[in-house]
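Visitor: First the structure, then my questions, so here it is.
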Amino acid sequence: MAPTPDWTGALERARAHAPFLARALDRQEELAAMLAAGEGEAALERARALGESEDVEPALRRERLALATALAIGDLAGAFPLARVTGELTAFADRALDRAIRAAIRERTGEDSADGFVALALGKQGAGELNYSSDIDPILLFDPDRLPRRERDDPGEAAQRYARRIVRLLSETTAEGYVMRVDLRLRPASEISPPAVPIASALAHYQGQALAWERAAFVRARPAAGDIAMGEDFLAATRPFVWRRHLDFGAVAEIRRLTKRIREEHEGPPRPGPGFDVKRGRGGIREIEFYAQTLQLIHGGRDPSLRVLGTREALDALAAAGHVGVDEARVLGEGYDRLRVVEHRLQMVHDRQTHTLPESGEALGAVARLDGLADGAALVEELTELTARTGAIYEALIREDTPPAPSPPPAPPAAEEAADPDERAERAAALGERMEGWRDGRYQSLRSPQALAAFDAIAPTLAEAFLAADDPERALVRWESVLDRASSAINLFHLLKARPDLLERLISALTLAPVLADELARRPELLDILLDREAPAVPRAVEAIMGRIAAAAAREDYEALLDAIRVVTGEIRFALGVQLVEGEADPLDVAASLSRTAEAALRLAHAATAAEFERAHGRIAGSELLVLGLGRFGGGALTHASDLDIVYLFTGDFAAQSDGKRPLGATHYFNRLASRVSAALSVPTAEGALYEIDTRLRPQGAQGPLAVSCEAFAKYQREAAWTWEHMALARARVLVASDEARAEVEALIADVLFRPRDPGDLRESVLEMRDTMARHKPAGGVLDVKLLRGGLVDFEFLVHYLQLKGGRALADASPQAFSADLGTAIPALVEAGLLPEGFREDYDLMTRLLVAGRLLAPGGIEPPPLAARALARACRTQDYASLLRALGQARQRVARTWHAILGQDITNQQGT
């Protein structure tokens, strides 16, 4: 049975030991009388009523003072437990922030609306755990298209005006006091960004530039005030950024570095006593919070039950899932609660944001007696025992040995170049010493006697393979990452012992192709694909790949499907890369398979995202979102490094409105849906990243809306598009659309491509564009077959020039000449007599070199010897020297064709 609240004792202690509370009680006689009578709930109701006045600034300050007083006395009396206190303080912060947002907008516009402006709560506010004198750390986001503002106001300037006013309303100290301090430094790129951040910019930041600490902060994020629905949508889009199934090596190491830094940067006493910081000190509040957040980040990608906001709630969830011992969770949870209570006592004294025990014995004794203890010594003794227990548990976490990925030194020479026996012996000795270090228990996969015995059996062969590699250091770093991430490797060691050829395959993947090596290090489960020569072939139909992805989804929900898209797509891409590196697959077939895989991912992501979007916003009758693929995606010939070039269009009336519970106009509806589709394909989820999406080929490029109506697209292409945009349109392919919409867009594209053009103007435009590209985007290396003069860009320019010049007459005579697949269009142009014989063969050679080079010679630089041999094999040439000769001859033939058709001599640019 809970003890009876001691309201009289609480009031006496407050008046005797907490000057702030004594003054607050004197200023609020009616409230003090209610508390003396034990009417705690009525006192809270009175406090809330004070904040309902239309004069927001003084009303919130009066409510804050009354609420803090009532909660403090109820807390001291034992009537209000910690969770009630922190919950009430958090609810007030949410209310105050929402009223400040609406007041700031109303003062400027007269509208009582917060549409398009949201405050995300992080830290203790996000967790529902605010203390008496907490700052709040919101992130203010706005949607420029929906933000209420005066007609003449720029959306960005209006948002900053609102943000500044919100901070003043809450933070300024007046005769009535203050509401709460507001700290906006947790916003994206706070050193350069404005106080309120456009929602699209914030999403882009978290998708590609955010740091590990920002991921940890978002564990406690929630929409607290303003446009809550917009905030929920934003957090849904960023959820994959926070909860990743497979944490990358660097992220875990960074999280641990952050937690260790707490102690390294704390300058106060290491143990409880005068001046001890109950928040930052050893075993203190922050260490317990970091303990919970770190384990949530590590395990929450796989286990959604851990994605909770509160610290106590997180500790309980971690214990229930078996990630933390029940006793450890209890010690940390009880310790956390007690430390938070002591923190509150410290802040009640003078209403200051302090976490430090007073330096003087008299002041320390006053805090202790306010808490109901005999003296300061009793408080110090209790905290000493408590923080010893919590600190020991925290230390066990930061002692976990997850070694940071070492910075590779300059790669040693390849085996065939290291002819000096002494040098080889020195390298072998260093390698032996490094391999011996793997046995020290740092890797779970090598901790059992059975694992060590299996490893010892392959160690000599493994060492020889590393020494013979093009880049031994890269192979070693990736291999160590595999050892670290794999829970068990006994079967792998036994398999490599029984099948030495598989060891060669593994080393090839680790050294020849950096993209494959990095993926294998991140996802050790791909070893199954690498080592299983009987693995099923990549499906040749888009629908079959879609079926494989759908079957892999763990659950029938949106997030599970996005994870499955990434898992299966990653497996297919990895398998195709291994086949290419080993010479088992033609790079042309690999390019087509990569394109089909991306198309399957796009179609599934589009359908699932649209269904998810419709739950909130409904549908627009007679309208749909279309997706065009352009560039290599449109042409069906992707590489492992390709972005997806896409354009979004929508059909129907642009003035229509959706029929859901949160309706949107058509333009806004389809632009938001398009953004969600892009995020579904590009944002890292628990299963990692997927594709980079490039939408810059849309009308007006990056300055234009993400999705435009088909009518607007047609008007732009007919009246405003540049010649290069029509050339890009020649490789457009409708990837997602109904049959009716597909036919409409294909007819539109044909109409644009077949229009009559002045041959002289067309020629000048093509030459000017290519010369500009050559100046601003020079080739990156001797094998940059895309940008080298006489390379693939020149192929594409020639084909598109002939297509646009030939127009409808060419289409009538040779429809295949307008195929988005250049492998189909080029033979048709050869047959029509517009391109020379052998042009297709030269195109195939360079395409093979591009696709294989993205893995074996990234950046177009000359590869090391073993990778060079693999590249030559992939390109169907005898050796690397033969490949270079074949490339040079093909480029000369392209240069001659360029001169014959366009009248420009580019032979003097053959080295660029």
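The values are calculated or read from the model by the stated rules, or taken from the named source; none is laboratory data. What you see is a predicted model; the values in this text were computed from it and never measured. Cβ: placed from backbone, ideal geometry, glycine included. Neighbour counts: every protein chain shown. Heads up: the accessible areas ignore ligands, DNA and RNA and are worked out on the full protein's heavy atoms, side chains in. Shrake-Rupley method; radii C 1.70, N 1.55, O 1.52, S 1.80 Å.
Visitor: Write out, first by first residue and then by second, each pair whose Cβ atoms fall under 8 Å of each other, whose residues are 6+ apart or on separate chains, and whose first residue, in segment 874-897, is over 18 Å from Leu855 (Cα atoms) and touching a residue at least 12 places away in the same chain (Cβ under 8 Å) while the second is basic (Lys, Arg) and buried (at least 20 other Cβ atoms within 10 Å of the Cβ).
Guide: Arg891/Arg789; Ala895/Arg789
Visitor: From the list Leu644, Leu625, exactly one residue is within 23 Å of Thr824 (Cα to Cα) and buried (at least 23 other Cβ atoms within 10 Å of the Cβ). Which is it?
Guide: Values: Leu625 fails: within 23 Å of Thr824 (Cα to Cα).
Selected residue: Leu644, the only one of Leu644, Leu625 that is within 23 Å of Thr824 (Cα to Cα) and buried (at least 23 other Cβ atoms within 10 Å of the Cβ).
Visitor: If you don't mind, there's one more thing I want to ask. Any residue at all in segment 585-600 that's within 21 Å of the chain's Cα centre (by Cα) and either surrounded by 24 or more Cβ atoms within 10 Å (Cβ to Cβ) or free of Cβ contacts under 8 Å to residues at least 40 places away in the same chain (or both)? Please lay out each step first, then the result.
Guide: Applying the first criterion (within 21 Å of the chain's Cα centre (by Cα)) to segment 585-600 yields 598.
Then drop every residue that is not either surrounded by 24 or more Cβ atoms within 10 Å (Cβ to Cβ) or free of Cβ contacts under 8 Å to residues at least 40 places away in the same chain (or both), which leaves 598.
Checking segment 585-600: at least one residue is within 21 Å of the chain's Cα centre (by Cα) and either surrounded by 24 or more Cβ atoms within 10 Å (Cβ to Cβ) or free of Cβ contacts under 8 Å to residues at least 40 places away in the same chain (or both).
Visitor: Scanning for something exposed (fewer than 15 other Cβ atoms within 10 Å of the Cβ) and among the charged types (D, E, K, R), does segment 772-783 turn up at least one residue?
Guide: For segment 772-783, residues exposed (fewer than 15 other Cβ atoms within 10 Å of the Cβ) and among the charged types (D, E, K, R): present.
Visitor: Just one of (1) under 35 Å from the mean Cα position of the chain (by Cα); (2) among the aliphatic types (A, V, I, L, M); (3) modelled with pLDDT under 95 trips up Ala720, so point out which.
Guide: (1) is the only condition that Ala720 fails.
Visitor: Any residue in segment 728-741 that is small (Gly, Ala, Ser) sitting within a Cβ distance under 6 Å of a residue that is in a strand (DSSP E or B)? List the pairs, counting only those 6 or more apart or interchain.
Guide: Cβ pairs passing all conditions: Ala732/Leu628; Ala737/Leu626; Ala741/Leu626.
Visitor: Can you list the helices (runs of 4 or more DSSP H) found entirely within segment 32-132 that contain at least 2 residues being open to solvent by 10 Å² or more (accessible area, probe 1.4 Å) and hydrophobic (A, V, I, L, M, F, W, C)?
Guide: Working: elements: 40-50, 56-77, 82-109, 123-127.
In segment 32-132, 40-50, 56-77, 82-109 are the helices (runs of 4 or more DSSP H) which contain 2 or more residues that are open to solvent by 10 Å² or more (accessible area, probe 1.4 Å) and hydrophobic (A, V, I, L, M, F, W, C).
Visitor: Is there a residue in segment 274-287 that is under 25 Å from Val367 (Cα atoms), open to solvent by 10 Å² or more (accessible area, probe 1.4 Å) and among the hydrophobic types (A, V, I, L, M, F, W, C)?
Guide: No: zero hits.
Visitor: How many of the residues making up segment 856-912 are closer than 28 Å to Asp470 by Cβ and not in a loop (DSSP other than H, G, I, E, B)? Walk me through how you get there before you give the answer.
Guide: Taking segment 856-912 as the starting set, the residues that turn out to be closer than 28 Å to Asp470 by Cβ are 856-891, 911-912.
Narrowing the set further to residues that are not in a loop (DSSP other than H, G, I, E, B) leaves 856, 858-860, 865-874, 880-891.
Residues in segment 856-912 being closer than 28 Å to Asp470 by Cβ and not in a loop (DSSP other than H, G, I, E, B): 26 in total.
Visitor: State whether the residues of segment 689-707 include one that is farther than 29 Å from Arg215 by Cα, open to solvent by 40 Å² or more (accessible area, probe 1.4 Å), in contact (Cβ under 8 Å) with a residue 60 or more places away in the chain and of a type in the set (A, V, I, L, M, F, W, C).
Guide: yes
Visitor: Out of segment 829-842, which residues are open to solvent by 10 Å² or more (accessible area, probe 1.4 Å) and either part of a helix (DSSP H, G or I) or polar (S, T, N, Q) (or both)?
Guide: Val830, Glu831, Arg840, Glu841, Asp842
Visitor: Pairs, please: C-beta under 7 Å, at least 6 apart or cross-chain, first residue over 14 Å from Arg13 (Cα atoms) and in segment 340-351, second aliphatic (A, V, I, L, M) and open to solvent by 20 Å² or more (accessible area, probe 1.4 Å)?
Guide: Arg340/Leu82; Val341/Leu82
Visitor: Could you please find all residues in segment 643-663 being of a type in the set (Ser, Thr, Tyr) and either on the phi > 0 side of the Ramachandran plot or part of a strand (DSSP E or B) (or both)? Quick ask: steps written out before the conclusion?
Guide: Filtering segment 643-663 for residues of a type in the set (Ser, Thr, Tyr) gives 648, 651, 658.
Residue satisfying the conditions is Tyr648 alone.
Visitor: When you go through (1) open to solvent by 50 Å² or more (accessible area, probe 1.4 Å); (2) at pLDDT below 95 one by one for Ser171, which number turns out not to apply?
Guide: (1)
Visitor: Within the group Ala666, Ala707, Ala674, Ala679, which residue is out of contact with any strand residue (DSSP E or B) (no Cβ under 8 Å at 6 or more places or on another chain) and among the small types (Gly, Ala, Ser)?
Guide: Numbers: Ala666 fails: out of contact with any strand residue (DSSP E or B) (no Cβ under 8 Å at 6 or more places or on another chain); Ala707 fails: out of contact with any strand residue (DSSP E or B) (no Cβ under 8 Å at 6 or more places or on another chain); Ala674 fails: out of contact with any strand residue (DSSP E or B) (no Cβ under 8 Å at 6 or more places or on another chain).
Among Ala666, Ala707, Ala674, Ala679, only Ala679 is out of contact with any strand residue (DSSP E or B) (no Cβ under 8 Å at 6 or more places or on another chain) and among the small types (Gly, Ala, Ser).
Visitor: Residues to consider are Ala874, Ala867, Ala825; find the one that is closer than 16 Å to Val782 by Cβ, among the small types (Gly, Ala, Ser) and buried (at least 22 other Cβ atoms within 10 Å of the Cβ).
Guide: Values: Ala874 fails: closer than 16 Å to Val782 by Cβ; Ala825 fails: closer than 16 Å to Val782 by Cβ.
Residue meeting the stated conditions: Ala867.
Visitor: Filter segment 264-273 down to the residues that are in contact with a Phe, Trp or Tyr (Cβ under 9 Å, 6 or more places away or on another chain) and either in a helix (DSSP H, G or I) or open to solvent by 50 Å² or more (accessible area, probe 1.4 Å) (or both) and list them by number.
Guide: Correct list: Pro270 only.
Visitor: Another question, if that's okay. Take Arg222 and tell me if it is of a type in the set (Lys, Arg), in contact (Cβ under 8 Å) with a residue 24 or more places away in the chain and either out of contact with any Gly (no Cβ under 9 Å at 6 or more places or on another chain) or farther than 20 Å from Ala100 by Cα (or both). Break it down into steps so the answer makes sense when it comes.
Guide: Details: of a type in the set (Lys, Arg): yes; in contact (Cβ under 8 Å) with a residue 24 or more places away in the chain: yes; either out of contact with any Gly (no Cβ under 9 Å at 6 or more places or on another chain) or farther than 20 Å from Ala100 by Cα (or both): no.
Judged against the criteria, Arg222 is not a match.
Visitor: On to the next question. Would you mind listing the helices (runs of 4 or more DSSP H) fully within segment 299-402 where at least 2 residues are basic (Lys, Arg) and modelled with pLDDT of 95 or more? Don't jump to the end; show me each part of the working.
Guide: Values: elements: 311-320, 326-350, 361-370, 376-398.
So the answer is 326-350.
Visitor: Shifting gears a bit: Only residues in segment 171-200 that are within 21 Å of Gln125 (Cα to Cα) count as the first member; pair them with residues that are open to solvent by 50 Å² or more (accessible area, probe 1.4 Å) and in a helix (DSSP H, G or I), Cβ under 8 angstrom, at least 6 apart or cross-chain, and list the lot.
Guide: Pro188/Ser201; Pro195/Arg164
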